[in-house]
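**Student:** Have a look at this one before I ask anything.
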Amino acid sequence: MKIKLLHVLLLLSLTIDAQTYIESFEGEFPPPGWMIQDNGIGFTVSWAQTSSPPVQPAYEGNYAAYLNRENVAAGIPEDWLITPQVTISADISFYSRLTLGGDQGSIYRVMITDGDPTDLGQYVVLQEWTELEINPVQTVYTHKVVNVPSQYFGQQVHFAFVMAADNGDRWLIDNVSFVDNCAPPNNIEVDFEGTTATATWEAEEGVDEWEVYIMPGYQTFEGDEEGIVISGEPSHVFENLTEGELYKVYVRTICPSDISGWWAGPVYTVTIFNDNTVTGTIMYDSDGDNNCETNNFIPSIPLFVNINGDFIYHTSTNAEGEYTLYNIPEGQNTITLQPLLPQSLDDPSPVSEVLNFEGTDIEHVLDICIPQFEEAIDDIQVSFFPISSARPGFYPRYLLRVRNNGLLSAENVTVTLDFDEERVEVNEVGNPYTVTDENTVVINLGNIPPFGRKNSTVKFYAFEPPVNESGDELQYIVNIAMDATDGDTTNNHFELNQIMVNSYDPNSVVVAEGPLIELTDEIKDVHYTINFQNLGTASAVNIKIENELDANFDWDTFEMITSSHNFSVARTGAQLEFQFPNINLPSSATDEPNSHGYVIYKVKPKTDIQEGDIVNNTADIYFDFNSAIVTNTATSEYYVPLMNTTIQEFEKAVLYPNPVKDILYINTKGNNVIDVTIYDINGRTCLTAKTATINVEDLKSGLYFATVTTSIGSTVYKVVKQ
């Protein structure tokens, strides 16, 4: 239950000492003593109380403070929610929540002033966040504690919650409070022995109570976990741990006022890992002699793994056709492997072997030789993926990947890549190429052996603003051909729709199909690239990526495409785990070009996917024993195209072209247009007009709804902005 703010008489100045002051926004809004200000840009949206019944949930109780998003013609709106005057000797605490996946570009601040609270120029920034920094999981409340410098202690101050954004995300805050300034423990050490871990630390004089928490080393620490409260000596013994697991420990101080400080940590345990592995290469017999030559390996194919009949997951071969299974239990194990070949080939029989692991550091080699195939086929496949973000004025990079899925050599392979010459120009291609018709690059890849592949890096230059702006879309269309007649032409064409950004985190998830995916009769693959970069000060020895497939995907259709480095991948249900052991990825400070990496895979939606369904993708990236770096959330929505031509007939009007780039025309069949209102998918008004010609150039790419009112009535139409 929430603690409500107590207003004594008409006093608006509160003294925060060893007590906790909490504003839960359950009463009138703004609460007595609170103020709402703005910077004079955008008047239609300001801080408010969440609605009842709540559309946006509170952290506790029924209500929270809520700021909606706003789209303005010029400038950046700033909206301020200002606290009453308080005499401070504590940090400020609150719970934050956003509403949209990914980063829409909002900036969030907590600010302080000891002067006139209406003079916004006197405020000092205590802390500033991007959307992904303040809420790594946007739709889950996150507890935030902002340190207040001691120079303000004993003074009368005002705090302000400020959001700066044009068409960014929303912001909800709840349970604003001030917590005593508790010094965190220092020099935490963890001694691991057997199944117990002993944690010790140094504490400030007079502090004799702490909260301790232990968790698996590769899980994400949110900050609102409930640990074990101990008193007396600064130490604690964790028991009944699992050997072979990595753990991390956090400790925080509980001050005499029964208020907790912030968590210190993590500190990792030293555990005994099980180094039992099974490695091997998947090859095929090309001449029918029942022997496989080592150069006939099959790269990048899924491998179904069964260990002792009850531990099942997927892995994948790397670029050299190799696979590795880690952490195999001690003793005798039955290993069953089922390679999953390209769609045009029948899968071979599974391979099963009983292997004995007498210890914890045993390696067994289990190669797989696939018998000669009965029928020779010709089949090449092309794909085109971003391996960096696209920013105006910079050089976006892409990976062109061609694979020969057939049993014969693919001769004279040629790729044509169409691009938007008004937005980008070719800068560099990793293979011989020519540029034709100003917007097409022809790339010659030569011959590709059976099951072989060729990758080519392609770099463009994205023109500076105002030609390109954040939110604009780059479109690429790729086609492939060879001398022979391809037996499967469905994989000879690929389209990439990439949204441009400004500042960005190089650790990211990118969906090749873009934010809108056309829903057709054919269930098509969705392609994801997970980019990572070592921004630390030393090389990363091991890297792990944890990734969860959306519930709208058919998880069994997951298929690895390629990666920048040797890797292994395991899939258990929706959970993907990519491992890069001994990658030794250099830091960006010492070797920026080689500090990058990526993985690329594809997956199909479920057959019952419907218009309006949304698929999300977020990854957790671990560099050695550091906490996870949480990427953006790549979000795509399925939609039904409005038409196959440039004009679609409606009952009362014709809207064209649709999809539209800049000018949308409305033919009302002789009836006068009275009013046109265009909304986004969240119901927010984006444009209004009273003419039959509307400039939608400033709208971001996506799905919109247009209400057209004429002399005979109103009708709502769908509009897709390119």
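**Student:** Grab the other residues whose beta carbon is less than 13 angstrom from that of Val162, score K and R as +1, D and E as -1, and report the net.
**Tutor:** Its environment carries a net charge of -3.
**Student:** So what's the net charge close to Phe373: Lys and Arg +1, Asp and Glu -1, counting the other residues with Cβ under 10 Å from its Cβ? Don't skip to the answer; put the middle values down first.
**Tutor:** Numbers: positive: none; negative: Asp285, Asp346, Glu374, Glu375.
That sum, taken over residues with Cβ under 10 Å, equals -4.
**Student:** To continue, here is another question. Calculate how many DSSP beta bridges within the chain are antiparallel, expressed in % of all such bridges and rounded to the nearest 5.
**Tutor:** Values: 205 of 217 bridges.
Percentage antiparallel, nearest 5: 95.
**Student:** Rounded, prolate or oblate: which one fits region 427-560, using the alpha carbon gyration tensor with axes a ≥ b ≥ c (rounded when a/c is under 1.5, else prolate when a/b beats b/c, else oblate)? Could the numbers behind the result be given before it?
**Tutor:** Values: a/c = 1.33, a/b = 1.14, b/c = 1.17.
Rounded, since a/c falls under 1.5.
**Student:** Might you report the magnitude of the Cβ-based charge dipole of the chain about its Cα centre, with Lys and Arg at +1 and Asp and Glu at -1, to the nearest 20 debye?
**Tutor:** Details: 31 positive and 104 negative charges, 472 e Å.
The dipole magnitude comes to about 2260 debye.
**Student:** Sticking with the crude label model, points 7 Å out along Cα→Cβ, report the distance from Asn479 to Tyr665 in nm, one decimal please.
**Tutor:** Between Asn479 and Tyr665, the label points sit 2.8 nm apart.
**Student:** What part of the accessible area of the chain, given as a whole %, is carbon or sulfur when the probe is 1.4 angstrom?
**Tutor:** Working: 15390 of 32850 Å².
About 47 percent, which is the carbon plus sulfur part of the accessible surface.
**Student:** Let me ask you something else. Provide the per-residue ³J(HN,Hα) series for region 357-366, in order, calculated from phi with Karplus coefficients 6.51, -1.76, 1.60 and θ = phi - 60°, each as a whole number of Hz, with x at glycine and proline positions.
**Tutor:** Using θ = phi - 60°, the values come out as 10, 9, x, 10, 9, 10, 10, 10, 9, 9 Hz.
**Student:** Further question: Under 10 Å from the Cβ of Arg401, count the other residues' Cβ atoms, weight Lys and Arg +1, Asp and Glu -1, and hand me the total. Walk me through the numbers before you get to the answer.
**Tutor:** Values: positive: Arg403, Arg453, Lys454; negative: none.
Overall, the nearby charge balance is +3.
**Student:** At a 1.4 Å probe radius, which order do Met215, Met35 fall into by accessible area, largest first? Display every interim value, and only then the final one.
**Tutor:** Working: Met215 10, Met35 50 Å².
Reading off the accessible areas and sorting them downward yields Met35, Met215.
**Student:** Working from the pairwise distances between different alpha carbons, so that the mean of 1/r is found and then inverted, what is the chain's Kirkwood radius in Å? Write out the running numbers ahead of the final one.
**Tutor:** Working: mean 1/r = 0.0342 Å⁻¹.
The Cα-based Kirkwood calculation yields 29.2 Å.
**Student:** Could you give me the percent of Cα pairs per 10 Å distance bin for region 462-515, shortest bin first, beginning at zero and ending with the bin that holds the maximum distance?
**Tutor:** Reading the bins upward from 0: 19, 38, 24, 15, 4.
**Student:** Sort out for me the Cα centre separation of region 324-400 from region 538-590, rounded to whole Å.
**Tutor:** 13
**Student:** Alpha carbon centre of region 454-510 versus region 421-446: separation in Å?
**Tutor:** Between the Cα centres of region 454-510 and region 421-446 lies a distance of 12 Å.
**Student:** Over region 65-184, consider all pairs of different Cα atoms and compute the Kirkwood hydrodynamic radius from their mean reciprocal separation; express it in Å, one decimal. It would help to have the intermediate numbers written out before the result.
**Tutor:** Working: mean 1/r = 0.0671 Å⁻¹.
With all distinct Cα pairs of region 65-184 included, I get 14.9 Å.
**Student:** Extension gain Asp437-Gln156, at 0.36 nm per residue separation less the Cα-Cα distance, in nm? Kindly include the intermediate steps, with their values, before the conclusion.
**Tutor:** Numbers: separation 281, 0.36 × 281 = 101.16 nm, distance 6.83 nm.
Fully extending the segment from Asp437 to Gln156 adds 94.3 nm.
**Student:** Set the bar at 22 Å for Cα to Cα. Now go through Lys459/Lys661; Lys524/Lys700; Lys454/Lys602 and name every pair that lies beyond it. Write out the running numbers ahead of the final one.
**Tutor:** Numbers: Lys459/Lys661 25 Å; Lys524/Lys700 25 Å; Lys454/Lys602 18 Å.
The pairs that break the limit, which is 22 Å between Cα atoms, are Lys459/Lys661; Lys524/Lys700.
**Student:** Residue farthest toward the positive end of the dipole of the chain, with Cβ of Lys/Arg at +1 and Asp/Glu at -1: which of Gly121, Ile530, Val501?
**Tutor:** Farthest towards the positive end: Gly121.
**Student:** Counting only heavy atoms of protein chains, what accessible area per residue, in Å², does the chain have with a probe of 1.4 Å? Numbers along the way, then the final one.
**Tutor:** Values: 32850 Å² over 722 residues.
I get 45 Å² per residue for this part.
**Student:** What size of dipole, in debye to the nearest 20, comes out for region 286-379 about its Cα centre when the only charges are +1 on Lys and Arg C-beta atoms and -1 on Asp and Glu C-beta atoms?
**Tutor:** Values: 0 positive and 18 negative charges, 70 e Å.
Dipole about the Cα centre, nearest 20: 340 debye.
**Student:** Taking +1 at the Cβ of each Lys and Arg and -1 at the Cβ of each Asp and Glu, which of Ser96, Ala74, Gln56 sits farthest along the dipole of region 47-134 towards its positive end, judged by Cα position relative to the Cα centre?
**Tutor:** Gln56
**Student:** While we're looking at this one, here's another question. Do you know the relative contact order of the chain, to the nearest whole percent, from alpha carbon pairs under 8 angstrom that are 6+ apart?
**Tutor:** Values: 1859 pairs, mean separation 57.5, N = 722.
Computed over the chain, the figure is 8 percent.
The values are calculated or read from the model by the stated rules, or taken from the named source; none is laboratory data. The structure presented is a predicted model; accordingly, all values stated were derived computationally and were not measured. With ideal geometry, Cβ positions are generated from the backbone for all residues, glycine too; neighbour counts draw on all protein chains shown. The protein model used for the area step is the full one, side chains on, heavy atoms only, and it has no ligands, DNA or RNA in it. Shrake-Rupley method; radii C 1.70, N 1.55, O 1.52, S 1.80 Å.
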